[in-house]
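The values are calculated or read from the model by the stated rules, or taken from the named source; none is laboratory data. Just so you know, these numbers come straight off a predicted model, no measurement behind them. Positions of Cβ are backbone-derived with ideal geometry, glycine not excepted, and every protein chain shown enters the neighbour counts.
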Amino acid sequence: MTTPASPHESRWLERLAGLPFLSDKPEEDAESTLRALWYLATGERRSADAAREGTLPPLDDAATARLDELVGRRAAGTPLAHLTRRARFMGMELFAGPEALVPRRETELLAQAAIDCLRGTHGALVVDACTGSGNVALAIAHALPDARVHGADLDDDAVTLAHFNARHVGLHDRVHFAQGDLLAPFDDARFGSRVDLVACNPPYISSPKVGQMATEISAHEPALAFDGGPLGVSVLVRLIDEAPRLLRDGGWLVFEVGAGQGPSILRRLAHVPHYDDVEGLRDAHDVVRVVRARYRPAASLPVEAP
């Protein structure tokens with residue numbers, strides 16, 4: 001670990017090595033976890049990614065006892081980001097915690113797809129539904145300095161966390177958050193038929209599968225963030241149906257889907273006449289995890305005879 005010597009180090013690593021590290025948090029392993037908790041024990045909050053950087057500070061007796069307690073809590077199942085209150089997303093160190101789903105590396109595919117869709121659009125108006133900690137909304141605003149971004153979440157605690165993050169990364173003047181169900185907070189003239197892009201990382205796990213999820217998720221992260229109803233697509237279907245009332249002609253709908261859901265969602269979109277340029281974006285495992293489509297209301301109109 002390139003750390004100061006500690007008689008406890010091997011024991012701590014051994015305890016953490018036995019954890020069932022999640023595939024959707026590839027930045028976390030025994031070493032990065034111990035480093036993040038080591039920093040925390042000495043008073044510095046770092047994500048697993050940030051904890052890999054730098055030289056660890058020495059531990060005094062109080063910090064050693066604190067680290068031993070933190071390792072125990074992590075070994076008992078508390079998510080690392082709930083202990084450190086930090087997660088890295090698209091290069092930004094964000095606040096994280098039980099108020100919202102911890103930002104995942106896989107969701108960077110969604111954020112990057114949204115950014116790519118908006119390249120060349122001056123002063124883009126963006127809506128991010130199911131915003132959670134605000135990570136996607138903030139990533140878009142960070143990459144596109146003239147974009148105006150609005151996020152919303154059904155959960156008040158998630159919205160509070162998103163506000164903290166906007167201030168933490170200095171984007172509170174351009175990114176605004178509201179509480180409400182899916183796209184309901186944007187039902188006014190400021191957004192109707194004027195939005196350049198609607199992004200969303202919705203809940204997409206089917207309710208019967210929630211109980212089969214890793215305890216680290218099901219027992220600690222908010223069910224609202226991952227329970228997508230009986231078939232896992234309830235919110236996805238609503239999003240596809242409701243986004244047109246916000247999107248301008250040529251605007252984009254971009255959203256994350258669960259592994260295995262991509263083909264059926266792409267087929268559904270292919271039969272909706274006012275969407276075209278429908279595309280599934282694949283992750284490093286060649287699985288469709290993001291879907292994007294362009295809104296073309298004119299495409300649904302009958303062609304008049306000359």
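Assess whether Leu40 counts as being touching a residue at least 24 places away in the same chain (Cβ under 8 Å), outside the structural domain of Met213 (by TED's automatic domain parsing), in a helix (DSSP H, G or I) and touching a His at 6+ places or on another chain (Cβ under 9 Å). Break it down stepwise before answering.
Values: touching a residue at least 24 places away in the same chain (Cβ under 8 Å): yes; outside the structural domain of Met213 (by TED's automatic domain parsing): yes; in a helix (DSSP H, G or I): yes; touching a His at 6+ places or on another chain (Cβ under 9 Å): no.
When the stated conditions are applied, Leu40 does not pass them.
Can you tell me how many residues within segment 26-37 are in contact (Cβ under 8 Å) with a residue 40 or more places away in the chain and either of a type in the set (Ser, Thr, Tyr) or closer than 18 Å to Leu59 by Cβ (or both)?
Residues of segment 26-37 in contact (Cβ under 8 Å) with a residue 40 or more places away in the chain: 26-28, 33, 36-37.
The next check asks that each one be either of a type in the set (Ser, Thr, Tyr) or closer than 18 Å to Leu59 by Cβ (or both); those that pass are 33, 36-37.
Residues meeting the conditions: 3.
Can you confirm whether Thr78 is over 19 Å from Thr215 (Cα atoms) and of a type in the set (Ser, Thr, Tyr)?
Working: over 19 Å from Thr215 (Cα atoms): no; of a type in the set (Ser, Thr, Tyr): yes.
Taking the combined requirement at face value, the residue does not satisfy it.
Does at least one position in segment 263-278 carry a residue that is under 21 Å from Val159 (Cα atoms) and modelled with pLDDT of 95 or more?
no
Which of the helices (runs of 4 or more DSSP H) found entirely inside segment 123-222 contain at least 1 residues meeting this: more than 27 Å from Leu22 (Cα to Cα) and of a type outside the set (Val, Ile, Thr)? Lay out the reasoning, then the answer.
On the way: elements: 135-143, 156-168, 207-210, 215-218.
Answer list for segment 123-222: 135-143, 156-168.
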